[in-house]
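Down below is the structure, laid out as structure tokens.
The values are calculated or read from the model by the stated rules, or taken from the named source; none is laboratory data. As the structure is a prediction and not an experimental result, all values here were calculated from the model. All Cβ positions, glycine included, derive from the backbone under ideal geometry; neighbour counts span all protein chains shown.
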Amino acid sequence: MSNAVIGFFLIRFFLGRLGEAQYGVWVLIGSLFRYRGILSMGLNSAINRHIPVCLAKDDREGISKVISTALFFFSILAVLVGLLSFVLYANVGDWFAVQPDLVERAGQLVLVTGLCFAISSPLQLTSAVLSGLQRYDIIGIVTLVILVVRTALVVAFLLGGYGLLTMGLVFGISEIGTRALQYVYVRRLLPGVALSTHNIDLSLLRDMLFYGMNTFMYAMGALVMYKASDLIIGIFLGTAQISRFAVATAGVLLLSQFLQAFTAAIKPAVSDLDARDEHSRVQEIAFLTQKYSLLVIVPAACFLIVLGREFLTVWVGSKFSDPAVVGSLAAVLTILTVGHCLRLTQHSNFLVLVGRGEHKVFGLLTAVTALVCVCGSVLTVKFLGWGLKGIAWCNAVPVGLVSGLILPVYFNRKMRITFGQSLTRVWWPALLGSLPAVALMALWKSLARPDSWLELLAVLAATAITTSLCGWRFSLQQVERQRLLQVLSRRRRAPQIETSEVPLI
């Protein structure tokens, strides 16, 4: 959450200090290196499942093999990332529409960022191991500490007159620091785990990659939907247009990152319960997490649609010389919000299936959808000249159709959930809790259109309060209220209870 929020608010600062063209270079290079995850082929997802399964079976040797094998794989990956960084460094000016005076700087940024990522690559398994151990407290603390230090350094250096290369170095070193700190904690939590070449199991690696491939297709499909547009714009339209598209998509990305953090614990919990054959509790997790996700998604999406133009005007309106730019970006934001929020409604369902190892169709459909988005975006930009709105439509329509129609039906069949159960346990209570806040936003805009940060924050606060009160009253059952009160009051059950008695949430 902190990472997403700080990144969101830094956009305005970056635009002011770097300008549209340089900030576009930063977004472009960042988008390129986001694709380094392709090389991992979903192995982190396999680690995230194998660790809780081994724990459920008290298989310490299995944990040693999982971690040693993953470390071997990611060490090879580090070499590939380094080599690809040199290739990209030599060709960035030829492959993308970077301004001539920024080509050399863009290449240097590629080299600095890429080599830092290569150094940190062998230890990227640490996040997956900690997640498999369900130690999200450690992941959160390490991430937050590094984030605060990194943000302070970036802001200080930019105010001091430094530029893109310094930013890339700070971000790269912070990645190395994060992985190193997480590795220290992993070693403390698993002191009996032996890391050695003798524990490298190639057959296990094959099985992990086979499992991870389906998660890989889903994750890469989602990444392509969000980030391929930056590359297409960089190839055909230039880095200034990348900056504008990044502004338009920032709100949707913020919501997406929050949902991913909010639902991160689902997969290892489902893997643990599935290993114990507690299928009814897995189904209960599916109901609860999608309902809670909808209580976040519906009000947030409606805010971006109803008040998107007002939000963009207050946030970055002064950074663009042409007032019409904000209007066109608001249209792009509206289009993307509809499509991608439909995808987010299925994210928790995907994690449930990943935890059970039954996510193949989800991955295939997401990958195919991403391919359609890319092909449509190239067509509309290169041949039809529709610009940013064309890219937005090509992202929203395929995503909306697949996520709104096909994936829900598939998930319900896989989980043996009827349409009536989905409606009464998930959608109806979620809508009862969130629609009053939507009505409040629409009424507020019609009576007093917000035109300042203070007024926008007032709308957000009123929306959050309304959703919380209505969600508590209309969306949550009595047992859920009691469970939430226990979490908020930090009460814990006795440590001697059986594992099967641990609360679902």
Would a scan of the stretch 314-324 turn up a residue that is at pLDDT 85 or above and over 17 Å from ALA458 (Cβ atoms)?
-> no
Do you know which residues across the stretch 47-62 are surrounded by fewer than 22 Cβ atoms within 10 Å (Cβ to Cβ) and closer than 16 Å to VAL186 by Cα?
-> CYS54, LEU55, ARG60, GLU61, GLY62
List pairs: first in the stretch 158-178 and more than 18 Å from SER120 (Cα to Cα), second among the basic types (Lys, Arg) and modelled with pLDDT under 90, Cβ under 8 Å, 6+ apart or cross-chain?
-> LEU158/ARG17; LEU159/ARG17; GLY163/ARG105; LEU164/ARG105; LEU165/ARG105
Can ARG135 be described as basic (Lys, Arg), buried (at least 18 other Cβ atoms within 10 Å of the Cβ) and under 22 Å from the mean Cα position of the chain (by Cα)?
-> no
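Looking at this structure, is VAL186 assigned to a helix (DSSP H, G or I) and surrounded by 14 or more Cβ atoms within 10 Å (Cβ to Cβ)?
Yes: the conditions hold for VAL186.
Looking at VAL438, VAL409, VAL381, VAL397, can you tell me which residue is touching a residue at least 12 places away in the same chain (Cβ under 8 Å), more than 20 Å from GLN260 (Cβ to Cβ) and surrounded by fewer than 18 Cβ atoms within 10 Å (Cβ to Cβ)?
Only one candidate qualifies: VAL397.
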One residue from ALA152, ALA118 being in contact with a helix residue (DSSP H, G or I) (Cβ under 6 Å, 6 or more places away or on another chain) and hydrophobic (A, V, I, L, M, F, W, C) = ALA118
Quick check, is ARG36 touching a Cys at 6+ places or on another chain (Cβ under 9 Å) and touching a residue at least 40 places away in the same chain (Cβ under 8 Å)?
-> no
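Would a scan of the stretch 181-194 turn up a residue that is over 26 Å from PHE117 (Cβ atoms) and modelled with pLDDT under 80?
yes
Under the condition of being assigned to a loop (DSSP other than H, G, I, E, B) and not acidic (Asp, Glu), which residue from the stretch 394-452 is farthest from the chain's Cα centre (by Cα)?
ALA448
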Can you name every residue in the stretch 255-277 that is at pLDDT below 85 and surrounded by fewer than 21 Cβ atoms within 10 Å (Cβ to Cβ)?
-> GLN257, GLN260, ALA261, PHE262, ALA264, ALA265, ALA275, ARG276, ASP277
Determine whether ARG244 is surrounded by fewer than 16 Cβ atoms within 10 Å (Cβ to Cβ) and part of a helix (DSSP H, G or I).
-> no
Looking only at the stretch 9-26, which residues are surrounded by fewer than 17 Cβ atoms within 10 Å (Cβ to Cβ) and within 24 Å of the chain's Cα centre (by Cα)?
-> PHE9, LEU10, ARG12, PHE13
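So, in the stretch 19-36, of the ones that are part of a helix (DSSP H, G or I) and more than 12 Å from ILE242 (Cβ to Cβ), which residue ends up modelled with the highest pLDDT?
Restricting attention to the stretch 19-36, the residues satisfying the condition of being part of a helix (DSSP H, G or I) are 19-34.
Right, trim to more than 12 Å from ILE242 (Cβ to Cβ) and you get 19, 33-34.
Values: GLY19: 83, PHE33: 78, ARG34: 75.
The extreme case among them is GLY19.
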Report, by residue number, each residue of the stretch 295-329 that is part of a helix (DSSP H, G or I), of a type in the set (A, V, I, L, M), touching a residue at least 60 places away in the same chain (Cβ under 8 Å) and crowded, with 20+ Cβ neighbours inside 10 Å.
-> LEU295, VAL298, LEU312, VAL316, LEU329
Any residue at all in the stretch 402-414 that is charged (D, E, K, R) and within 19 Å of LEU237 (Cα to Cα)?
-> no
